[in-house]
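Novice: The structure's right below; bear with me while I get my questions together.
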Amino acid sequence: MKIYVNQIPLEGLILREEIPAAQLDLDTPVLRLTDAVKAEAKVSRGINCVSAHLTLRSALTAVCSRCLAEFNTGLDRELELNYPVDKTQNMIDLTEDIREGIMLDYPIKPLCKPDCSGLCPVCGADLNINKCGCKAA
Ligand SMILES: [Zn+2]
Ligand SMILES: [Zn+2]
């Protein structure tokens, strides 16, 4: 997503773009973007700066850190970006900052539900589905 500084009118502008998941390269072993990131940026221009208020939405497939099941979840993030600009700068590329903003918000240990029971450490049964009856060591 790019902002052309000279094209920002006094009243600001709104940019909308779908950023392909592959372009953002955000996948981790436990999280995968399953849709393009729908980005909307409200851009305004100050005297020596450009600010953008971003809303980012997409869909994720995550692996639960307790029971290892895959589940679908949403990505919904707001981001405030500010860029100093001088007369020589005409274009600002937001893509890397969008990538970092999403990355910062990624859960390190995703859970399929807050009270996921996880797997039995003895037999590996999914305790959300059945109680295996093992005695925990
Ligand atoms: Zn789980
Ligand atoms: Zn068990």
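Novice: Just to check I understand the Karplus step: with θ = phi - 60° and J = 6.51 cos²θ - 1.76 cosθ + 1.60, what whole-Hz values come out for the range 59-71, glycine and proline as x?
Specialist: 10, 10, 10, 10, 9, 5, 6, 9, 9, 6, 6, 7, 9
Novice: Another one. Given Cα pairs under 8 Å that are at least 6 residues apart, what percent is the relative contact order of the range 2-104?
Specialist: With pairs under 8 Å counted, the relative contact order is 28 percent.
Novice: Another question, if that's okay. Per residue, how big is the convex hull around the C-alpha atoms of the range 75-137? Give it to me in cubic angstrom, could you? Kindly include the intermediate steps, with their values, before the conclusion.
Specialist: On the way: hull volume 8.0 nm³, N = 63.
Value for the range 75-137: 127 Å³ per residue.
Novice: Given the options C116, L104, L26, identify the residue whose Cα lies farthest towards the positive end of the charge dipole of the chain (+1 on Cβ of Lys, Arg; -1 on Cβ of Asp, Glu).
Specialist: Projecting each Cα onto the dipole axis, the largest value belongs to C116.
Novice: Assuming 0.36 nm per residue, please report the length gained on full extension of the stretch T55 to C132 beyond their Cα-Cα distance.
Specialist: So the extension gain works out to 23.3 nm.
Novice: Taking a cut-off of 14 Å, what percent of all Cα-Cα pairs in the range 1-43 are separated by more than that? Each step should come with its number before you reach the end.
Specialist: Numbers: 508 of 903 pairs.
Roughly 56 percent, rounded to a whole number.
Novice: For the pairs K2/K87; K42/K113; K109/K131; K42/K109, flag any whose C-alpha to C-alpha distance is greater than 27 Å. Walk me through the intermediate numbers first.
Specialist: On the way: K2/K87 17 Å; K42/K113 33 Å; K109/K131 23 Å; K42/K109 32 Å.
Over 27 Å Cα-Cα: K42/K113; K42/K109.
Novice: What list do you get for C134, C64 if you sort them by fewest beta carbons within 10 Å?
Specialist: By the 10 Å Cβ count, ascending, the order reads C134, C64.
Novice: May I pose another question? Given the options S117, S58, S44, which has the most mean-square fluctuation in a GNM of the chain, springs set between C-alpha atoms less than 10 angstrom apart?
Specialist: Of S117, S58, S44, the Gaussian network model singles out S117 as fluctuating most.
Novice: For the range 33-81, report the translational diffusion coefficient in µm²/s to the nearest whole number, using Stokes-Einstein at 37 °C, 0.692 mPa s, and a Kirkwood Rh over Cα pairs.
Specialist: Working: Rh = 12.7 Å.
Translational D for this selection: 258 µm²/s.
Novice: Rounded to the nearest whole Å³, what is the per residue volume of the convex hull around the Cα atoms of the chain?
Specialist: For the chain, the hull spanned by Cα atoms encloses 117 Å³ per residue.
Novice: Give me the angle, in degrees from 0 to 90, between the Cα long axis of helix 95-104 and the longest principal axis of the Cα atoms of the chain, rounded to the nearest 10.
Specialist: Approximately 30 degrees, to the nearest 10.
Novice: Evaluated at 25 °C with a viscosity of 0.890 mPa s, what Stokes-Einstein diffusion coefficient in µm²/s does the range 16-97 have when Rh comes from the Kirkwood expression over alpha-carbon pairs?
Specialist: Calculated translational D: 170 µm²/s.
Novice: A further question on this structure: In debye, nearest 20: dipole of the chain around its Cα centre with unit charges on the Cβ of K, R (+) and D, E (-)?
Specialist: Working: 15 positive and 19 negative charges, 94 e Å.
Taking the Cα centre of the chain as origin, the dipole is about 460 debye.
The numbers here are math on the coordinates, done by the rules we state, and not lab data. This is a predicted model, so every value here is computed, not measured. Cβ coordinates were reconstructed from backbone atoms using ideal geometry, including for glycine residues, and neighbour counts include every protein chain displayed.
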